[in-house]
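Worksheet: the structure to be examined is printed underneath.
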Amino acid sequence: MGMLPYLSQGRSRAVNAENPTGEKGRGGMRESVLGPSRKGSPCLKNIRPHEEIILGEMKGPGVITHIWITVDQKTSPSECFVLRDLILRMYWDEEVSPSVEVPLGDFFCCGFGRECLIDSSAIIVAPARGLNSYFQMPFREKAKITVESQHANVIPEFFYQIDYVLYDTLPPQTKYFHASWRREAISRTGEDYVIADRITGQGWYVGTYIALSVLQRYWWGEGEVKFYIDGDDRYPTVCGTGMEDYFGGSWSFAVQENGKTVEKTYSTSYLGYPYYSKQDDLSKSPYYNDDCPPMRGLYRWHVLDPIFFDENLKVTLQQIGSGPGGLFERQDDLSSVAYWYQSEPHKSFEKILDREKRKPR
């Protein structure tokens with residue numbers, strides 16, 4: 001906030017369904033039953049299965065400053081994972097391989113195809129499914145943002161706005177925003193889960209989102225988050241003390257209520273544990289109940305404490321638990337998003353998992 005009086009002067013633009021090119025003086029032109037410029041086309045309609053839509057294609061130099069999106073989270077009782085079925089991609093300049101490729105919900109810290117409230121500096125999710133990103137995303141020549149529907153049904157409505165600023169030039173050391181998604185439906189005993197391992201070049205790591213479905217009993221969060229920086233081999237340079245510690249909590253996020261241990265969710269500027277559920281609240285049936293493996297969503301933004309790298313970076317998470325017998329190696333279902341800035345070119349990401357393999361448990 002203190003820097004607001006000292007901003008470099010730019011030219012503000014916005015892309016949405018009514019002005020998909022972001023042209024100056026051409027916003028809100030569409031006509032409705034109320035007349036010209038009265039909410040004529042506020043959203044994209046009827047996105048078909050396997051259709052990929054260009055949300056915005058902007059010429060630079062510029063910086064995307066804010067993205068807002070909202071969409072229904074289900075289209076029928078059986079098709080209730082819209083937030084996992086839509087793939088968000090971003091391309092900078094003339095690159096062919098995306099710098100961002102993440103299921104829509106997971107990018108906004110809403111894993112499992114479920115919404116939750118997020119109150120942080122980088123990602124905000126407001127009622128109901130108001131998905132907001134404040135990650136700054138520079139581009140020199142061009143930016144392209146797309147969404148691909150891998151959902152089985154037509155998506156009736158998709159609302160969005162991309163705010164950006166055009167500049168005459170960007171500083172030569174400006175880095176590009178990246179984000180990638182991974183999942184292991186069953187982690188391997190004694191092997192660290194890999195959050196990211198194809199990061200090469202110079203840059204800094206700025207965030208982690210984890211969506212964890214626990215498959216074993218007892219406490220799940222003893223695993224350490226490790227950062228292997230610039231050629232680290234067997235041991236990392238930065239290593240934490242446990243999963244709940246990395247996400248800012250302690251002692252298993254627990255309090256005692258009526259003789260039971262209860263985990264407490266929270267959401268803050270730079271870290272949080274905003275989501276916990278063990279019920280499927282989007283599917284109802286007279287033949288089965290709503291139980292499902294406990295789901296937990298956690299985020300950490302390395303905004304004031306970035307992880308810098310000059311050559312390469314690998315980020316991992318141990319799957320270690322604790323129970324009556326002490327520490328033990330766990331197997332759980334993990335999904336993750338890694339967020340970072342780096343110089344281009346970047347290494348192409350591994351092919352994102354098929355829709356069926358992305359489905360939450």
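Residues that are without any contact (Cβ under 8 Å) to a residue 12 or more places away in the chain and more than 22 Å from the chain's Cα centre (by Cα) within segment 305-327 comprise Gly325, Gly326, listed in sequence order. Within segment 15-31, if we keep just the residues that are part of a strand (DSSP E or B) and open to solvent by less than 30 Å² (accessible area, probe 1.4 Å), the residue that is farthest from Tyr134 (Cα to Cα) turns out to be Asn19. Just one of the listed residues (Arg183, Arg198, Arg140, Arg188) is over 21 Å from the mean Cα position of the chain (by Cα), among the basic types (Lys, Arg), open to solvent by 30 Å² or more (accessible area, probe 1.4 Å) and closer than 30 Å to Arg234 by Cα, and it is Arg188. Under the condition of being assigned to a loop (DSSP other than H, G, I, E, B), of a type in the set (Ser, Thr, Tyr) and open to solvent by less than 80 Å² (accessible area, probe 1.4 Å), which residue from segment 38-82 is farthest from Leu7 (Cα to Cα)? Residue satisfying both the conditions and the ranking: Ser76. Taking segment 201-219 as the range and being of a type in the set (A, V, I, L, M, F, W, C) and open to solvent by 50 Å² or more (accessible area, probe 1.4 Å) as the test, the residues that pass are Trp204, Leu215.
Scanning segment 278-324 for residues that are assigned to a loop (DSSP other than H, G, I, E, B) and either open to solvent by less than 80 Å² (accessible area, probe 1.4 Å) or touching a strand residue (DSSP E or B) at 6+ places or on another chain (Cβ under 6 Å) (or both) returns Asp280, Leu282, Ser283, Ser285, Asp290, His302, Val303, Asp305, Pro306, Gln318, Gln319. Only one of the numbered conditions (1) on the phi > 0 side of the Ramachandran plot; (2) touching a Ser or Thr at 6+ places or on another chain (Cβ under 8 Å); (3) open to solvent by 50 Å² or more (accessible area, probe 1.4 Å) is not met by Ser252, and that is (3).
Screening Asp233, Asp245 for residues that are surrounded by fewer than 21 Cβ atoms within 10 Å (Cβ to Cβ), farther than 23 Å from Ala185 by Cβ and more than 23 Å from the chain's Cα centre (by Cα) leaves exactly one candidate, Asp233.
Screening the candidates Ser277, Ser283 for the property of being at pLDDT below 95 and within 30 Å of Val82 (Cα to Cα) yields one hit, Ser283. Answer with yes or no whether Lys357 is open to solvent by 20 Å² or more (accessible area, probe 1.4 Å), of a type in the set (Lys, Arg), at pLDDT 95 or above and under 25 Å from Tyr205 (Cα atoms). When the stated conditions are applied, Lys357 does not pass them. Summed over segment 154-180, the residues that are among the aromatic types (Phe, Trp, Tyr) and either open to solvent by 60 Å² or more (accessible area, probe 1.4 Å) or in a loop (DSSP other than H, G, I, E, B) (or both) give a count of 1.
The values are calculated or read from the model by the stated rules, or taken from the named source; none is laboratory data. This one's a predicted model, so the numbers in the text were calculated from it and none came from an experiment. All Cβ positions, even for glycine, are placed from backbone atoms using ideal geometry, and neighbour counts span all protein chains on display. Accessible surface areas use protein heavy atoms only, side chains included; no ligands, DNA or RNA. Shrake-Rupley method; radii C 1.70, N 1.55, O 1.52, S 1.80 Å.
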